[in-house]
Amino acid sequence: MEKMWKKLIEGLRRQQKKQEKEPIKWSEIGLSKIIIMILAGIFLLILSMPSAGLFGKVDSTRNGTDQKNVQEKAQDTAADAMEAYAGKQEQQLQKLLSKVEGIGKVEVMVTIASSEEKKALQQEDISNSSTNETDSAGGTRSQTSGSTKQEPVLVGEEGKEPYIVQIQSPQVEGVLVVAQGAGTGVIDSEIIAAVEALFPIEAHKIKVMKMGSPE
């Protein structure tokens, strides 16, 4: 295709050299040839454009979009894990409190401040380097510098999974307990003491309320 356009352009140039001494008459050239000349110019302009820049821009935009999608997916996964953990703690606490004498029917709500955190075993990569410098008086001095880099220890069949040494449960932010037997100092204190024993939170982050009578 490109060779055909080049032959056509060369033919037009030869015809143009023959008519250099004569005034150009567009009517004699013909409408079809004018259109071909315009199309040939557009074609050459497209060939001369830096295609790498165009495609590079598209690839850069695509990579940015993919990275954003990965981040959003990770955030959604963390939010789902926090919600699932809170629901599990609510069921267990509600089941335990309902068995205590005097509390009666009970409902529980647990709020989570952070998601589960996993800590991987780290290995240190220590590197040292030294340089010798000579001053204007001919003296020399040695300068030593070092750097330490930590990387997770990878295991598994493909060696891509970090070796987990500690799993920290999600942090509980607050607990709300609504119970039929609440409203008295003794029951409220027992509920607060039970929640404090199960979760590492202060008493002021535990709210106990009396359950109203169904209408």
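Only the coordinates and a few stated rules stand behind these numbers; no lab work does. Here the structure is a predicted model, which is why all the values come from computation and not from measurement. For neighbour counting, all protein chains shown are included, and Cβ atoms are generated from backbone atoms with ideal geometry for every residue, glycine included.
Which entries of Lys118/Lys207; Lys95/Lys210; Lys99/Lys119 have Cα-Cα distances beyond 26 Å here?
Where the Cα-Cα span goes over 26 Å, the pairs concerned are Lys118/Lys207; Lys99/Lys119.
Would you mind ranking Thr144, Thr111 by Cβ crowding within 10 Å, fewest neighbours first?
Thr144, Thr111
Using Cα pairs closer than 8 Å and at least 6 residues apart in sequence, work out the relative contact order for the stretch 85-175, in percent.
35 percent
Per 0.36 nm of contour for each residue apart, how much would the distance between Lys119 and Tyr163 grow if the chain were fully extended, relative to their Cα-Cα spacing?
Taking 0.36 nm per residue and subtracting the Cα distance, the gain is 15.0 nm.
For Ser142 and Gln91 in one chain, what is 0.36 nm times their gap in residues minus the Cα-Cα distance, to one decimal in nm?
Gain on stretching Ser142 to Gln91: 11.7 nm.
Using Cβ contacts closer than 10 Å as the measure, can you line up Lys118, Lys207 from fewest to most?
So the residues, fewest neighbours to most, are Lys118, Lys207.
Let me make sure I get this right: for the stretch 119-165, a, b and c are the square roots of the gyration tensor eigenvalues over alpha carbons, sorted descending. Under 1.5 in a/c it's rounded, otherwise prolate if a/b > b/c, else oblate. Which is it?
Prolate.
Order by neighbour count: Tyr85, Tyr163, fewest other Cβ atoms within 10 Å first, most last.
So the residues, fewest neighbours to most, are Tyr163, Tyr85.
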